[in-house]
Every structure is written in structure tokens, then in C-alpha cells.
Amino acid sequence: MIPDRPLRSATAFAPASIGNVAAGFDVLGHAMDAVGDLVTVTRSVERGVRIVSVDGIVGDLPGDPAANTATAGLLRMVDDLELSFGFEVAIRKGIPLGSGMGGSASSAVAGVVAASAVLDVPLSVDEQFTYAMVGEAVASGAMHGDNVAPILLGGLRLVRAIDPPDIVRVPVPAGIRCVLVHPMLRLDTRTARAVLPRQIPLSLHVRQSAELAGLVAGCFAGDVALIGRALADHVVEPARAPLVPGFHAVQAAARGAGALGCSLSGAGPSLFAWCDGDAMAAAVRAAMTAAFRAAGVESEAWISPVDCPGARIVETISG
């Protein structure tokens with residue numbers, strides 16, 4: 001809940017995300033409420049957008065607001081809304097760059113949510129999504145909402161369309177947990193997109209579509225077994241797996257420990273696994289990190305409910 005206006009400053013937290021969720025390339029994603037970014041936006045007399053600080057686990061982000069995911073959408077906002085004031089922005093990164101954890105989208109969403117809070121009239125959800133997409137495109141070079149939507153709204157989201165936004169909440173059985181394992185590697189989204197096939201056989205498209213439909217149907221029906229059968233990627237994963245040392249061993253370890261499914265998180269190099277219950281999630285996390293270690297790669301890991309909150313205001317200062 002945002003306090004009485006006007007606000008001079010607001011800080012928003014935006015969680016990490018799992019993009020694609022196996023078969024849902026660029027259209028399906030869910031929030032991961034274990035780690036995230038913080039962005040503070042303060043109204044300034046001077047029109048425009050200025051980055052005043054960057055800290056956290058990443059300190060070398062672009063200082064040009066047009067080239068920074070947290071501020072690119074705010075520049076568009078200032079122009080579109082013809083604001084008489086501007087924004088000063090402080091960024092605290094909690095998500096590593098090039099991790100496949102939705103870091104660019106997290107900063108973009110946090111910036112827009114915080115900026116919306118200090119406007120005289122806050123943005124609608126669709127407007128927040130649209131401005132956050134501007135920031136996401138700066139990092140990835142493409143308009144895809146599978147990270148922005150769940151980070152903004154929480155839970156598992158299907159992005160049927162971007163313009164205008166058509167975002168569908170997909171319910172997930174309450175016991176489903178996600179294990180997210182980040183190897184200490186960096187893989188930029190643009191690099192990972194460059195290896196994707198430009199064409200696929202019709203039969204492969206049909207197979208992938210069946211997996212996506214099965215996953216969504218399983219979630220709506222609460223059918224954990226169907227979710228496990230459908231949590232697979234036959235198009236993107238084979239192209240990107242060679243970019244991640246130890247991928248197949250880690251995936252096999254997750255499945256061996258009981259995971260419903262395991263695949264790349266977004267563009268990688270992180271991997272995610274869905275698990276039925278906390279005990280299975282703990283066992284899968286241990287198995288995946290051990291497999292990465294055996295491949296000579298150290299990693300860090302988190303566990304989160306799939307149906308978890310999205311971005312929210314965590315601190316405000318009145319005007």
C-alpha cells in the first residue's frame with residue numbers, strides 16, 4: 001500500500017524470475033522471490049532522468065539512462081506523460097548480470113514501479129508493463145515479456161500478447177517449489193539468443209506446443225504428474241545447453257533426486273527445477289550444486305514457491 005501522496009521518493013523491490021519455463025520460450029515465466037533488485041526513484045526539480053548511484057553485487061552498469069535497463073523506461077515515461085519534473089535513480093543490484101535470472105527485467109520493473117509511486121497519478125498495470133518492457137529491450141535487444149510480467153505481477157504468467165498487453169495468470173499447485181541454481185558464470189542474453197535456430201521442423205513445433213499446452217493444462221488442473229511429463233524443452237535447450245559447462249550432468253542430477261523437470265532458466269547459465277514439496281526441493285538443490293561442483297563450477301542456489309509475490313514498494317519518503 002502506497003501512503004498518502006505526494007511522495008518524494010520510493011524504493012521498489014523486484015524479484016528474480018525464471019523465463020521460458022522449459023517449453024514456453026518468450027511467453028511463459030514465473031517470479032523467484034529469493035533474490036532481487038532494489039531501485040529508489042526520487043522526484044527532482046530538473047526534468048529528465050539521472051542515475052545517482054549503483055551498488056550491490058554489480059557496480060559497473062551504464063551511467064547513460066538510455067542505456068540502463070532501470071532507467072530507459074523512465075525516460076520514455078517523462079516524455080510520454082510530459083512531466084514537469086524528473087527522476088533521480090539509485091540502483092542496488094542483487095541479481096548477477098548474464099545469469100539467466102531476469103536481472104535486466106528486475107531492474108526495469110523496479111524502476112518503473114518506484115517511479116509510478118512518486119507520480120501524481122500512478123500508472124496502470126498495463127502502463128507499468130509497457131514501460132518496463134522498454135528497459136528489458138535495452139539488455140536483450142528483443143521485446144519479450146516472459147520475465148517482465150511475472151516480476152511485475154508475481155506467480156506464473158503467460159504473455160499472450162505484448163501490445164496491447166494480454167497477460168494470463170496460470171495457477172500452480174501450492175506445494176510446487178522451484179530450485180534455482182546459478183553457476184558462477186556469465187552468459188549474456190544476446191549471446192544466448194544468437195545460437196537459437198532460425199527455423200525448426202513442423203513436427204518439432206508440434207511437439208513443443210504439446211509440452212507447453214500440457215504444462216499449462218497441468219497447472220490449471222493441479223495435475224502434478226502431467227506437469228512433470230510436460231516440463232521439457234525440445235527447441236531452445238538443445239541449442240543453448242553446450243554454452244553451460246556441466247549442463248547435462250546437473251539436469252540428470254536434478255531428475256535423479258526427484259525433480260518434476262529441469263531446464264535452463266531464461267537464457268542460462270542458471271538452471272531451474274520444479275519440485276513437489278520442500279523435502280524434494282532441498283534434495284534437488286543439493287544434487288544440482290554437487291553436480292556443478294563435480295564439473296568444476298561453483299554455484300549458488302535458492303528455493304522459492306512458484307506462486308510468489310512480484311514487485312512491491314518497500315520504502316517511501318513523503319514530499
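Condition check ((1) of a type in the set (A, V, I, L, M); (2) modelled with pLDDT under 95) across all residues:
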position: 17; (1), (2): no, no
position: 24; (1), (2): no, no
position: 32; (1), (2): yes, no
position: 52; (1), (2): yes, no
position: 55; (1), (2): no, yes
position: 60; (1), (2): no, yes
position: 70; (1), (2): yes, no
(request) Tell me which of these residue 44 doesn't satisfy, since it passes every other one: (1) farther than 12 Å from residue 111 by Cα; (2) in contact with a helix residue (DSSP H, G or I) (Cβ under 9 Å, 6 or more places away or on another chain). (result) (2)
(request) Working carefully through the options 90, 115, find the one that is surrounded by 24 or more Cβ atoms within 10 Å (Cβ to Cβ) and in contact (Cβ under 8 Å) with a residue 40 or more places away in the chain. (result) 115
(message) With acidic (Asp, Glu) and touching a helix residue (DSSP H, G or I) at 6+ places or on another chain (Cβ under 6 Å) as the only criterion, which of 237, 211 stands out?
(response) 211
(message) I need a count of the residues in the range 24-38 that are of a type in the set (A, V, I, L, M, F, W, C), over 17 Å from residue 171 (Cα atoms) and outside any strand (DSSP E or B).
(response) 1
(message) Conditions first: (1) within 18 Å of residue 148 (Cβ to Cβ); (2) among the hydrophobic types (A, V, I, L, M, F, W, C); (3) touching an Asp or Glu at 6+ places or on another chain (Cβ under 8 Å). Residue 23 passes all but one, so which condition is the exception?
(response) (1)
(message) Looking at residue 239 and the list (1) within 24 Å of residue 196 (Cα to Cα); (2) hydrophobic (A, V, I, L, M, F, W, C); (3) outside any loop (DSSP other than H, G, I, E, B); (4) in contact with a strand residue (DSSP E or B) (Cβ under 8 Å, 6 or more places away or on another chain), which single condition is not satisfied?
(response) (4)
(message) When the residues of the range 1-59 are narrowed to those that are surrounded by 14 or more Cβ atoms within 10 Å (Cβ to Cβ) and of a type in the set (Asp, Glu), which ends up farthest from residue 181 (Cα to Cα)?
(response) 26
(request) State all residues of the range 44-75 that are more than 27 Å from residue 186 (Cα to Cα), part of a loop (DSSP other than H, G, I, E, B) and either touching a Leu at 6+ places or on another chain (Cβ under 8 Å) or not aliphatic (A, V, I, L, M) (or both); if no residue qualifies, say none. (result) 46, 47
(message) Consider the range 94-118. How many of its residues are outside any loop (DSSP other than H, G, I, E, B) and closer than 22 Å to residue 265 by Cα?
(response) 8
(request) Report, by residue number, each residue of the range 76-87 that is touching a residue at least 40 places away in the same chain (Cβ under 8 Å) and in a loop (DSSP other than H, G, I, E, B). (result) 85
(request) Could you tell me whether the range 11-23 includes any residue that is closer than 30 Å to residue 210 by Cβ, among the β-branched types (Val, Ile, Thr) and either over 21 Å from the mean Cα position of the chain (by Cα) or not in a loop (DSSP other than H, G, I, E, B) (or both)? (result) yes
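The values are calculated or read from the model by the stated rules, or taken from the named source; none is laboratory data. Keep in mind that what you see is a predicted model, and the values were worked out from it rather than measured. Glycine gets a Cβ as well: all are built from the backbone with ideal geometry, and neighbour counts include every protein chain shown.
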